[in-house]
Amino acid sequence: MSLPKGCNFNHPPKGSRTKVEPIRKLEDIQAIKRLLFDNPRNYAIFILGINTNLRASDLCQITVGMVRHLKPMDEIEIKEKKTGKTRRITINK
């Protein structure tokens, strides 16, 4: 079932601002990790995101080939979309 145009209540009204807050409570992070555990791709993206503080657009640049054979203390290099800066990320276990 699709909604008529302009009736999606999950989106803010046009022209309004939204504020994004980080997940601050450890129990919330643990709950999300439990929800994602059965989906290795999404679990890995979430873990990488909370450990590196990367934006979603930067996380989406990371491919399986970039991380498949990495070991702890190896690094990957990403060019941040918003700032254009190159960022080196050291992988932990």
**Request:** Kindly list, by first and then second residue, each pair from a residue in segment 7-33 that is farther than 19 Å from residue 53 by Cα to a residue that is aliphatic (A, V, I, L, M), limited to pairs with Cβ atoms under 9 Å and residues at least 6 apart or on different chains.
**Result:** 9/3
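Can you find, within segment 83-93, the residue that is surrounded by the fewest Cβ atoms within 10 Å (Cβ to Cβ) among those that are modelled with pLDDT of 90 or more and under 27 Å from residue 25 (Cβ atoms)?
Step one: list which residues in segment 83-93 are modelled with pLDDT of 90 or more, which gives 83-90.
Among the residues that remain, those that are also under 27 Å from residue 25 (Cβ atoms) are: 87, 89-90.
Values: 87: 14, 89: 17, 90: 11.
Among residues in segment 83-93 that are modelled with pLDDT of 90 or more and under 27 Å from residue 25 (Cβ atoms), the one surrounded by the fewest Cβ atoms within 10 Å (Cβ to Cβ) is 90.
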**Message:** Given the criteria surrounded by 11 or more Cβ atoms within 10 Å (Cβ to Cβ), in contact (Cβ under 8 Å) with a residue 24 or more places away in the chain and not in a loop (DSSP other than H, G, I, E, B), does residue 42 qualify?
**Reply:** no
**Item:** Pair list, Cβ under 7 Å, 6 or more apart: segment 61-75 residue in contact (Cβ under 8 Å) with a residue 12 or more places away in the chain and over 17 Å from residue 87 (Cβ atoms), other residue in a loop (DSSP other than H, G, I, E, B) and not hydroxyl-bearing (Ser, Thr, Tyr)
**Value:** 72/91; 72/92; 72/93
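Looking only at segment 62-74, filter to residues that are modelled with pLDDT of 90 or more and surrounded by fewer than 10 Cβ atoms within 10 Å (Cβ to Cβ); which one of those is farthest from residue 52 (Cα to Cα)?
Our first condition is that a residue be modelled with pLDDT of 90 or more; within segment 62-74, this holds for 69-74.
Going one step further and asking which of them are surrounded by fewer than 10 Cβ atoms within 10 Å (Cβ to Cβ), we end up with 69, 71-73.
Values: 69: 19, 71: 16, 72: 14, 73: 14 Å.
Checking each candidate, the answer is 69.
The values are calculated or read from the model by the stated rules, or taken from the named source; none is laboratory data. Small disclaimer: the values here were computed from a predicted structure and weren't measured. Quick reminder, even Gly has a Cβ in these numbers, built from the backbone with ideal geometry, and neighbours come from all protein chains shown.
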